Each structure stands twice: as C-alpha cells, then as structure tokens.
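Structure record follows, encoded as structure tokens.
We did not get these values from a lab; they are worked out from the coordinates using the rules stated. These figures come from a predicted structure and were not determined experimentally. Reconstructed Cβ throughout: ideal geometry from the backbone, glycine too, with neighbour counts over all protein chains shown.
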Amino acid sequence: MKLHNGTLYWPTTLSTKLNVETPKQPKKQYDAIVIGGGMSGCLTAYRLMKQGLTVAILDKRKFGQGSTAANTGLLQYSNDIMLSELIQQIGEKEAVRFYQLCFEALDDIEEIANELPHEVDFVRVPSIYYASDEKDAAKLRTEYETLYMNKFPCEFWDESTLSFYMPFKKPAAIVTFRDAEINPLKFITSLLTYLQNQGVDLFEETVVTDTSFENQLVQLKTTTHSFQAKDVVYTIGYEKKENPKREDTIFNRSYVMVTKPIDLDKLWHQKAMIWETKRPYLYLRTTAEGAIMVGGMDENIPEAPVDEKVIENCAEKLLKQTNSLFPHLELEVDCCYAATFAESKDQLPFIGAHPTKPHHYYLLGYGGNGTIYSALGSKIISDLIAGRENNDSHIVSPKRNADTNGLPFSSIA
Ligand SMILES: Cc1cc2nc3c(=O)[nH]c(=O)nc-3n(C[C@H](O)[C@H](O)[C@H](O)COP(=O)(O)OP(=O)(O)OC[C@H]3O[C@@H](n4cnc5c(N)ncnc54)[C@H](O)[C@@H]3O)c2cc1C
C-alpha cells in the first residue's frame, strides 16, 4: 500500500542523511524487536534501549518513508476530541488523565529532541483553536472552562481579542500554551542515527510476514532473515493490509499544501499553530524555512489519489482557504501531497498487549495527535514489557471495544 502520493515537503529539508549499517546477520536473540521504523517505532526502541534491552527495528521500507514523512508536525495537548467531550465519553478522572498524558508527552519529546545529535526544529508555539461558526463559540467557552479548571495553560479569546491579534474574524478561540511544532522526519532520522550508535540494530526493506510464540520466544518470519525475541512491538502505522482488523477504526485520506517561503516578518502572532472546530478541519503551521504548511480536506477514502492533478486541485483549494484568513499574504504553492490517515471511532489510540498472543504488543497512534500518542505509547509499552505497573494503560488498551467475537485483533497478514 502506498501511504502517500504527491511531493512531500520534509525530505527537502534534510541536511543529514541516515547511514544505515545493517548487521550481516541478526543477533541470535533480541530482548525486543520493534516492527516499523516510523515515529512510534523509533520512540519505542528509544525507551526499550534506555532500559538496557537489546533491540532491533525492522521496516519493510527504507526508514522514514512511512506516514511519519507526511506528518505535519503539530504537537498539541488538545485532541480532536475536546476534554469536555472526552469526559462525557469516559468519565472525568480518565479523560483528564489522558489530557495530562498528552501534555507530558510534549515535555518528553522536547527532552529527547535535546538529546539528539542534530537540530530537529522543535519549537514551543501556542495553538489558536477558533470557532468556525457562532454555535461552536459556546462549545469553546465550555471547553476553555474545563481546561482551565484542570490547570491546562490556556486563554479564551472573544471575537474582538482574536481580531486584535489576527487578521481574520471568527466568533471565538481558545489559545493553548506549551504546544510545539517539530520536523518529524528530521526527528526520526536523528533518532535512528542515535539509536544505531547506541547499539540498536536497524534492518530496512525487511517485511515481517508472520510472528508466533514458540519455545518461550517470539519467532519472526521476514523476507530477509528469521528473528527471535522475548517481546515484539507492532508499530506499523496505517497500513490496512498489515493492520489488525478492527471494526472501530476509520481509514481516511488527507491533503497537505506547503507554500514557497515568505518574509517571516509577515507571519502572524507568535507563529501560532491554527486549527478550527469544523470537521474536517483546516490547520496551519509555519516551518523553520519560512513556509506555511496547511492541511485538511479529509475524505472518507483510505488511499491517497494517484492522479497528481487531483492533489494539485486540493492544494489550490487549501491555498484559497489560507488566503481567506490572510488576504495580505502573497502565497504560492511549493509542494503538495495526499496521505492515508487513520482514526479510531472513540478518538483514542490503541496501545498495549495483544489479548491472546503472548509477548505481542501494539502501538497504533491513530488520530490527529499521532506523535503525542507515539510518545505516550512508547512509555506505556516499555512499562508493560519491563513488568512495571502502569496506571494509565487501561485508558488506551486495545482490548477496549473488542468486536463481537471478543477479539479486537486478527493476526498480521
Ligand atoms: C497528512 C498527515 C498529517 C499528520 N499531521 C500530524 C500532526 O500534525 N501531528 C501529529 O501528531 N500527527 C500527525 N499525523 C499522524 C502521524 O503522521 C502518525 O501518527 C505517525 O506518522 C505514525 O507513526 P508510525 O510510526 O505509527 O507510522 P509510520 O511512520 O507509517 O511507520 C510505520 C512503519 O511500519 C512499517 N511496516 C508496516 N508493516 C510492516 C511489516 N509487516 N514489516 C515491516 N515493517 C512494516 C512501514 O513501512 C512504516 O515505515 C499526520 C498524519 C498524516 C497522514
């Protein structure tokens, strides 16, 4: 399955290349094998390596060619599901805790970014979440009160405050602080280099075709070698064929347009990330190179269109929507692409142990906050593998909402 089509932006920003030095033969046995070398796999391998385990990462592609290369890199503690809505869904204690985990994940990503050998363009910026219409303004007010009451750093802007800071008029907005943006491809490229230097074995173009638990070890069949490990973690992203079949997952596609760089002084208040209450939503950020990256126009079709014209047409529409917010900017499309995107019906990621296959774990960070889920998920998985108690894992457990046969997962294809 092709996870994206069109021209990606992040590969054009890389100044250092990943030099993979694959061992001729795998070790006889690993403590843990991570399947998938995207954001989720790299962060999981990082945590497992830090707890002293021997680790290998296997990827069917060359590293950095999965969805992480299409990720627009907005890191926000607020989720597509508002805290006030999540409280209705799973109760106050769990919902607030989930939001706290997202908030803490931002600090974790920053800490790791600071440890890496290369610049990964992690920058703290606020987010402006505006009401797309009048009826959503009241919803935002309730959300602001809920966030504020639970000590999340935020402000409520009414129409006049918003139009003081921004050139567009909307009924209201929540501004959330301590959010951040990152170049996700630079991040995993640097993290993979770091992991390799720390002794993690990297195997690219190695497709895992089957796993089973025999002789007290997980046996992995792949297109290159056979591998053995005490534990295996699936961080395989959005690929439909390989993915555990779940009734409660929706596969969509989304579009991204990046402008040619513009004069940085012309950019808006604190270069905040911007998004809105409408679904599907428009979202914008700026890049370290001075471009504006805009995403949205999600469609209920899993595969990205093959026809470049379709992608270019959507990019023109995204450009028009951006210009309606910032009419003073002269913008031109630099590149555009479309990509598969998955979300769970309850808007929470799937992180934890397989219900029946021993020593098999999953980190599927489905949803708009995928990177945050990769980060918080890597901590949960490393706790579970180490046998440490984790008081949060039930919130995102893959066993919730099991389908009718009681098994949320089928095995890998
Ligand atoms: C257009 C778009 C914009 C996004 N914007 C944001 C954003 O602003 N903020 C945010 O937080 N999230 C965002 N996301 C979500 C984010 O991209 C994902 O959460 C993230 O990429 C998931 O990382 P991953 O490691 O799980 O998947 P991937 O990066 O896809 O990595 C999975 C890897 O597994 C490998 N694999 C699969 N099956 C096998 C197998 N059988 N054997 C070996 N290897 C296998 C694949 O080759 C792949 O490299 C966005 C996603 C899209 C599509």
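One table, with the values for the structure above:
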| quantity | calculated |
| --- | --- |
| Cα-based equivalent ellipsoid, the stretch 53-199: semi-axes from gyration tensor eigenvalues, Å | 34, 18, 14 |
| Efficiency of FRET between T12 and K317 - r from beta-carbon atoms, R0 22 angstrom, step 0.05 | 0.45 |
| Tensor-based shape of the stretch 141-188 (alpha-carbon gyration tensor, a/c under 1.5 rounded, otherwise prolate or oblate) | oblate |
| Against the rule of thumb 2.2 N^0.38 Å, how large the Cα Rg of the stretch 193-270 comes out | 1.77 |
| Descending semi-axes in whole angstrom, ellipsoid equivalent of the stretch 1-69, from the Cα gyration tensor | 25, 13, 13 |
| Between 0 and 90°, nearest 10: helix 370-386 axis offset from the chain longest Cα axis | 30 |
| Estimated inter-spin distance, R388 and E134, nm [label 7 Å along Cα→Cβ] | 5.2 |
| Label point distance in nm, D346-S212, each placed 7 Å from Cα along Cα→Cβ | 3.3 |
| Per residue Cα convex hull volume in Å³ - calculated over the stretch 242-308 | 148 |
| More than 19 angstrom apart: percent of Cα pairs within the stretch 298-411 | 61 |
| Calculated P(r) tail over 26 Å for the stretch 1-131, as whole % of Cα pairs | 39 |
| Packing-based ranking, highest mean first, of 183-191, 302-310 given that Cβ atoms within 10 Å are counted | 183-191, 302-310 |
| DSSP beta bridges in the chain [antiparallel fraction, %, rounded to 5] | 75 |
| Charge dipole magnitude, Cβ of K and R +1, D and E -1 - the stretch 45-131, Cα centre, debye nearest 20 | 400 |
| Point-to-point label distance, Q29-Y165, nm (Cα→Cβ direction, 7 Å offset) | 5.6 |
| Set K62/K186; K17/K309; K230/K379; K260/K317; K139/K186; K139/K260 screened for pairs whose C-alpha atoms are more than 25 Å apart | K17/K309; K139/K186; K139/K260 |
| Acute angle (nearest 10 degrees) that the helix 308-325 long axis makes with the longest principal axis of the chain, alpha-carbon atoms | 40 |
| The stretch 171-315: Rg to Rh, with Rh as the Kirkwood radius over Cα pairs | 1.05 |
| Gain upon complete extension [Q100, H118; 0.36 nm per residue less C-alpha separation] | 3.6 nm |
| Tail weight of P(r) past 26 Å, computed on alpha-carbon pairs of the chain, percent | 53 |
| With Cα atoms, 0 to 90° folded angle of helix 92-115 axis to the chain main axis | 80 |
| Helix-only mean residue ellipticity at 222 nm for the chain, each DSSP H run of n ≥ 4 adding -39500 (n - 2.57), per residue, nearest 500 | -9500 deg cm²/dmol |
| Peptides 224-235, 138-149, 68-79 ordered by average Cβ neighbours within 10 Å, highest first | 68-79, 224-235, 138-149 |
| Ranked by how many other beta carbons lie within 10 Å on average, peptides 123-129, 252-258, 96-102 from highest | 252-258, 123-129, 96-102 |
